[in-house]
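Asker: Have a look at this one.
Values in this text are rule-based calculations from the coordinates and carry no lab data. What you see is a predicted model; the values in this text were computed from it and never measured. Backbone-built Cβ (ideal geometry, glycine too); neighbour counts: all protein chains shown.
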Amino acid sequence: MLRALLSDNLPRSRWLAAVLIVIVLALALAPFLFPGAKSLNVAVKICVFIVLAASYDLLLGYTGIVSFAHTMFFGIGGYGVAIALARLAPDWGAVALGTGAGVLVAVVLAALIGLFSLRVRTIFFAMITLAVASAFAILASQLSGLTGGEDGLNYRVPEALRPAFRLVEGDVLGVAVNGRIMTYYLVFLVSLALVLAMMRVVSSPFGSVLMAIRENAFRAEAIGYRTVVYRTVASCIAAAAAAVAGALLALWLRHTGPDTTLSFDLMIDILLMVVIGGMGTMYGAVLGATLLILAQNYLQDAMAAASQAASGVPLVANLLHPDRWLLWLGLLFILCVYFFPTGIVGRLRAARGRG
Amino acid sequence: MLETEGLTIRFGGHAAVDGVSCAFHPGTLTAIVGPNGAGKTTYFNLISGQLAATSGRVRLKGRDITTLAAPRRARLGLGRAFQLTNLFPNLTALENVRLAVQANSGRVLDLLGRASRHRDLADRAMAHLAAVALADRAAAVSATLSHGDQRKLEVAILLALEPDVFMFDEPTAGMSVDDVPAVLDVIAAIKARGDKTILLVEHKMDVVRALADRIVVLHHGQLVADGPPAEIIASDVVREAYLGGAAEAGHG
C-alpha cells in the first residue's frame, strides 16, 4: 500500500523517512498543532512550495532542464483563479474555470517554448525561458485592466473558504473549524495528491527515459527516444503542477499580484529548495521547501531571541541582530551546498550506504 | 537491405566520407577496415543519423532514410553500438538495458505505470545481460563497471534494441584478452541467426578473419576495395592502404 502510494520510490534512509513522516504529520495537523494566522500561513506556503519545488525537480533533477520560467507558470495559475473570481461570481464554478484555464494556458505555453527551444543547448534554453518569463511579468503589470497591474487583484473566494464559514458548531480540539481551515485542507490535500502523482511520473517508464536523457541525451536518441518530445512533455507536466500550485496560493491569499507569484526572487527560492534538498529525488523538494520557508519566516524571530539572550556580549548581540537574518540565511545556504553537494537527501542516503 | 549511394560528408573543404556506394545484406557480416582517419566511424554516423550527409542517399529496406533523425532510424531497425563507451553513467547496468528494451516495446509514453512493475521489460533486459555474461553485474551503476564490462554493456544495449541492422564500432577495443571471446561469441550468435545485417568496424585482423563474410576497405573517405576476406587481405591495395600501416593499426 505504502509502496504503491510512493510508486516504489522509497526514502531509502531511516533518517529521511523519519523527517518526512514528521513533515507530513505536522502539515496534516498544522491547524490543530500550530493554531494562529502566521503559522497557518507558513504551513500553506510550505505545501505550495513543495509542489513548486517538486515540479521544478522534475525538470532540473530528473530531465536536466534548466528553466527560469517556473514562476511564470505559477503566476498563470494564480492569475487564472484571481481573474475568474474577480470577474465572475465567487463560487466553485469560477475556481474550476480559473484553474482549468490557467493549467491549459500553462501547458500550451510550456509546449510551445519546449518545441521551439528545447532542441538548443541547456544554457540557451535557460536564457529563452528567462526572456519569456520577464516578458510575461512585464505583461502582467502592464495589462492592468485585466490583472490589476502592480497592485494585483483582490477578490472573494467561495463561501466555504471564507473565515466566517463554520463546518461544525463549536470547536474541534479547541479550534474553530472555519473557512480558513477548510482552505488549508484543500491546499494540503491537493498538494499531497500532486506530489504523489509526480512521484508516480518519475518512477514510470516515461520517468526512466527522462533520467536517461539527463544522463546521456545523445545515447537516448541513438536508442530511439526523441528527446525533444520527452523534454517537452516533462515541461508541460511541471508547468501544469506549478499552475495548480499558483491557483492554491491564490485561493489562500485572496490576493494575486506580481510579487506573490511572478517575482524573480521566488524563482531563486525554488532553485535553492531543489538544490539544497537534493536534485532528482522528489523528497529533496519536500525537505528543501520546508527548510527554506521555515528559515524565511522564523529565522528572524529566532535571532531576535538569541540577540536578547546575548545582549550582554557586545559584538555577538550585534551579529545576531534580527536585521542580519539574510546574512545568516546566506551563510546557511553556502554551508549547505558546500557540505551536501548532493543535497540533504543525497547526504542522508549516503550515510545509510556507509553504515 | 541497407544501402548507401554516393554518401558524402564534407567538413569545410575536407571530404571525410567521399562518395561511398555500398549495399549490405541480411545474413552477412561485413567488416569495414581502413587506417585511422579513413572515415569508418564517420560513415557509421552518416548511416545511423548522428551526422547529416552533405550529399548521397542512405536506404533501409528500400526506404530512403537520408533525412530522418537518429531516433527515427533506430526505431526503423538500425542498431548502433559506439566506439567510445556511451552509456547512461549513473543508472544501473540493468536500467541501461531496460531503457533499450522499453524503446523497442512501444510503451514509451507510459506516464503513470510503475516501471518497476514491468516485469517483462526487466526480464528481457536481464536475458540480454546474461547473453554478454553480465547478469551478475546487473545492479551495478554502469559508471562503476570495468572498461571491459562497459563494452559488454554497450553490446547488450544493442541486443536489446533487436535491430535488423547491427552496427558494431570496434566492439573489443581496449578490452582485456579474457573479455574478448564473450563479445565475439555474441556477434557470431547474431550472425548464426542468418537474417540480420551486421556491419563491423574492426582493426584486429584476427577478429575480421574469424567473423567477416566480406571486407570493405575505406581509405581517405573512399571505398577502395570490396570482396571476400581472403581476396581482400591478399590484395595490394589493402596492403598499401591498411596493412602498410600495420604499426599504426596495432595501437588503433
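Asker: What is the antiparallel percent of DSSP beta bridges lying wholly in chain B, to the nearest 5?
Answerer: About 55 percent, rounded to the nearest 5.
Asker: Please work out the FRET efficiency for the pair residue A:218 and residue A:175, using the Cβ-Cβ distance as r and a Förster radius of 45 Å; give the result to the nearest 0.05.
Answerer: For R0 = 45 Å, the calculated efficiency reads 0.20.
Asker: Can you tell me the alpha carbon radius of gyration of the protein assembly as shown divided by the globular rule-of-thumb value 2.2 N^0.38 Å?
Answerer: 1.18
Asker: Roughly speaking, what is the stretch gain from residue A:131 to residue A:166, that is 0.36 nm per residue apart minus the C-alpha to C-alpha distance, in nm to one decimal?
Answerer: Roughly 8.0 nm would be gained on extension.
Asker: OK, next. If you wrap chain B's Cα atoms in a convex hull and average its projection over all directions, what's the area in nm²?
Answerer: Projected over every direction and averaged, the Cα hull of chain B covers 13.7 nm².
Asker: Okay, moving on. Hey, fewest Cβ within 10 Å first, where do B:10, A:180 land in order?
Answerer: The fewest-first ordering by Cβ neighbours comes to B:10, A:180.
Asker: Shifting gears a bit: How much of the calculated P(r) for segment A:248-355 lies past 16 Å, in percent of all Cα pairs?
Answerer: Of the Cα pairs, 67 percent sit more than 16 Å apart.
Asker: Give me the distance in nm between label points sitting 7 Å out from Cα along the Cα-to-Cβ direction at residue B:162 and residue B:64, one decimal.
Answerer: Rounded to a tenth, the inter-label distance reads 3.1 nm.
Asker: Provide the percentage of antiparallel DSSP beta bridges, counting only those with both residues in the protein assembly as shown; round to the nearest 5.
Answerer: Beta bridges within the protein assembly as shown, antiparallel portion: roughly 60 percent.
Asker: Please report the net charge: other residues with Cβ closer than 14 Å to the Cβ of residue B:78, K and R +1, D and E -1.
Answerer: +2
Asker: Hey, another quick one. Taking neighbour Cβ counts within 10 Å as the exposure measure, how do B:47, B:9 sort from fewest upward?
Answerer: Lowest count first: B:9, B:47.
Asker: Each residue of segment B:10-21 in order: what ³J(HN,Hα) in whole Hz does its phi give by Karplus 6.51 cos²θ - 1.76 cosθ + 1.60, θ = phi - 60°, with x for Gly and Pro?
Answerer: 10, 10, x, x, 8, 8, 6, 10, 10, x, 8, 10
Asker: So for segment A:2-354, taking the charge dipole from beta-carbon charges (+1 Lys/Arg, -1 Asp/Glu), which of A:120, A:204, A:132 sits furthest toward the positive end?
Answerer: A:204
Asker: Taking Rh as the Kirkwood radius, which is the inverse of the mean 1/r over Cα pairs, what is the Rg/Rh value for segment A:230-298?
Answerer: That ratio equals 0.99.
Asker: In whole Å and largest first, what semi-axes does the C-alpha gyration tensor of segment B:1-149 yield when each eigenvalue is scaled by 5 and square-rooted?
Answerer: Its equivalent ellipsoid spans semi-axes of 33, 19, 14 Å.
Asker: Follow-up. Could you work out the mean count of beta carbons from other protein chains within 10 Å of each residue's beta carbon in A:198-207?
Answerer: Going residue by residue through A:198-207 and averaging, the value is 6.
Asker: With +1 on each Lys and Arg Cβ and -1 on each Asp and Glu Cβ, and nothing else charged, work out how big the dipole of segment A:1-94 is about its Cα centre, in Debye to the nearest 20.
Answerer: Here segment A:1-94 has a charge dipole of around 200 debye.
Asker: Report Rg(Cα)/(2.2 N^0.38 Å) for segment A:61-132, keeping two decimals.
Answerer: 1.31
Asker: Quote the charge dipole size of chain B about the Cα centre in Debye, to the nearest 20; the model charges only the Cβ of Lys and Arg (+1) and of Asp and Glu (-1).
Answerer: 920
Asker: Can you give the charge dipole size of segment A:2-354 about its Cα centre, rounded to the nearest 20 debye, using +1 on the beta carbon of Lys and Arg and -1 on the beta carbon of Asp and Glu?
Answerer: 980
Asker: For B:215, A:113, what's the fewest-to-most ordering of other Cβ within 10 Å of each Cβ?
Answerer: Least crowded to most crowded, the residues run A:113, B:215.
Asker: If you don't mind, another one. Restricting to Cα atoms and excluding each atom paired with itself, what does the Kirkwood estimate give for chain A in Å?
Answerer: 21.3
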